[in-house]
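First comes the structure, then the notes that go with it.
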Amino acid sequence: MYHAVAEERHTHGHRGDEQAAVTEALSRTGLRPPERFFLRHPHELSCGQRQRQRQRQRQRVMIAGALVLEPELPFGDASVASLEASVRGEILALLLRLRDELRLFTLVLTPDMSQAWNIADPVVVM
């Protein structure tokens with residue numbers, strides 16, 4: 001997971017303490033202790049775990065990959081729409097918490113109007 005999260009820093013030419021940035025991003029998304037996830041591969045998240053747990057962890061890793069860039073405007077798509085309802089709610093709650101903690105503006109594209117009303121303000125329908 002370390003390389004999956006750190007890859008964006010390399011792509012965008014970020015300098016500085018990479019390990020600290022990856023550790024912080026994983027920790028902020030609830031993957032704790034973050035060092036436990038450094039050497040894991042995506043397929044290893046499913047070992048002996050239920051489907052919901054796999055979905056939660058995979059979504060959190062993807063969010064950590066975005067946070068490692070320290071964005072001002074993260075962009076999301078309808079990726080949570082395919083998740084089970086309980087996992088979707090947990091991930092949306094995480095996004096809301098991160099928005100408030102990091103004072104982020106978030107642009108989310110979704111076909112799910114109930115999701116839009118719960119996480120966005122304002123909502124624009126096209």
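For segment 98-104, in order, what is each residue's ³J(HN,Hα) by Karplus, 6.51 cos²θ - 1.76 cosθ + 1.60 with θ = phi - 60°, in whole Hz (x at glycine and Pro)?
So the Karplus estimates, Gly and Pro as x, are 5, 4, 6, 5, 9, 6, 9 Hz.
If I stretch the segment between Arg40 and Asp121 completely, what's the gain in nm (0.36 nm per residue apart, minus their alpha carbon distance), one decimal?
25.5 nm
What list of ³J(HN,Hα) couplings, whole Hz, do you get for segment 10-21 from phi and the Karplus terms 6.51, -1.76, 1.60, once you set θ to phi - 60° and write x for glycine and proline?
So the J values, rounded to whole Hz, are 5, 4, 9, x, 6, 10, x, 6, 5, 4, 5, 5.
Could you list which residues have their amide H under 5 Å from that of Val108, counting only those 5 or more apart in sequence or on another chain, with H placed in the peptide plane?
Gly76
How many Å³ per residue does the convex hull of the Cα positions in the chain occupy?
111
Compute the FRET efficiency between Glu84 and Ala20 as 1/(1 + (r/R0)^6), taking r as their Cβ-Cβ distance and R0 = 30 Å, and round to the nearest 0.05.
Given R0 = 30 Å and the Cβ-Cβ separation, E is 0.35.
What number, rounded to the nearest 500 deg cm²/dmol, is the helix-based mean residue ellipticity at 222 nm of the chain, given -39500 (n - 2.57) per DSSP H run of at least four residues and division by all its residues?
Calculated at 222 nm, the ellipticity per residue is -15500 deg cm²/dmol.
Values quoted throughout were computed directly from the atomic coordinates according to the rules given, and no laboratory measurement underlies them. None of the values given here were measured: they were computed from a predicted structure. Neighbour counts run over all protein chains shown; Cβ positions are idealised from the backbone, glycine included.
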